1. Identify the residue in the stretch 1-27 that is modelled with pLDDT under 95 and in contact with a helix residue (DSSP H, G or I) (Cβ under 7 Å, 6 or more places away or on another chain) and, among all such residues, is surrounded by the most Cβ atoms within 10 Å (Cβ to Cβ).
2. Could you grab me the full set of residues in the stretch 93-106 that are closer than 20 Å to residue 13 by Cα and either open to solvent by less than 30 Å² (accessible area, probe 1.4 Å) or within 15 Å of the chain's Cα centre (by Cα) (or both)?
3. Of everything in the stretch 28-76, what is outside any loop (DSSP other than H, G, I, E, B), open to solvent by 40 Å² or more (accessible area, probe 1.4 Å) and in contact with a strand residue (DSSP E or B) (Cβ under 7 Å, 6 or more places away or on another chain)? Give them in sequence order.
4. Six or more apart or on different chains, Cβ atoms under 6 Å: show the pairs whose first residue is in the stretch 44-68 and under 26 Å from residue 109 (Cα atoms) and whose second is acidic (Asp, Glu) and crowded, with 18+ Cβ neighbours inside 10 Å.
5. Could you list, in sequence order, the residues of the stretch 107-147 that are open to solvent by less than 10 Å² (accessible area, probe 1.4 Å), outside any strand (DSSP E or B) and either touching a residue at least 60 places away in the same chain (Cβ under 8 Å) or under 23 Å from residue 67 (Cα atoms) (or both)?
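The values are calculated or read from the model by the stated rules, or taken from the named source; none is laboratory data. This one's a predicted model, so the numbers in the text were calculated from it and none came from an experiment. All Cβ positions, glycine included, derive from the backbone under ideal geometry; neighbour counts span all protein chains shown. These area figures cover heavy atoms from the full protein model, side chains too; ligands, DNA and RNA do not enter into them. Shrake-Rupley method; radii C 1.70, N 1.55, O 1.52, S 1.80 Å.
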Amino acid sequence: MTGTGSIELTRALLGPVSLPTPAGIVSRQVDATTGHLWHWQGDGNPLLSLLVGVRSTRLGTPTGPERALGPAIAELSDRVDQVIEVRRPVEVAVEGALGSSAAVVTAVLGGREARIALVLSTDGTWMHRVEIAVLDTDEGRAAQEQILGAIRVHPWERPA
């Protein structure tokens, strides 16, 4: 990423999900019994953070992500200073998913206005959560849209 407000992205394959991720920034990865998590911490110009979580699910139906979106928004709302607006549903096509649902939360984080896109999808076995937090600027919205427009779900077997 550069300090000019633009962000350089490169496609990454993360288990059953691929999407553009920040080039030159290594993700923190956590593997657990029921899921996996990848997290990029941005420099705040415009990316604040990118989170990709994958976990086994009992909501592996086309409507499962919609049912899980409300609780995910509530959990997200507890992590910000103030929620300004929640847009739901937001049209996000997740290629390869059995079902998906999305929202955009405008919030105050550390005194700065941010847009946090939250996308839930399923392939029937795994639930995928993508959370993209950017500054609420033209550059931030553009970076967020670039990532949102390129999320894909692929077949994946649980790691041994």
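1. 7
2. Those that are closer than 20 Å to residue 13 by Cα and either open to solvent by less than 30 Å² (accessible area, probe 1.4 Å) or within 15 Å of the chain's Cα centre (by Cα) (or both): 93, 94, 95, 97, 99, 100.
3. Once the filter is applied, which keeps residues that are outside any loop (DSSP other than H, G, I, E, B), open to solvent by 40 Å² or more (accessible area, probe 1.4 Å) and in contact with a strand residue (DSSP E or B) (Cβ under 7 Å, 6 or more places away or on another chain), the stretch 28-76 yields 28, 29, 30, 37, 41, 55, 56, 66.
4. 51/131
5. 140, 143, 147, listed by residue number.
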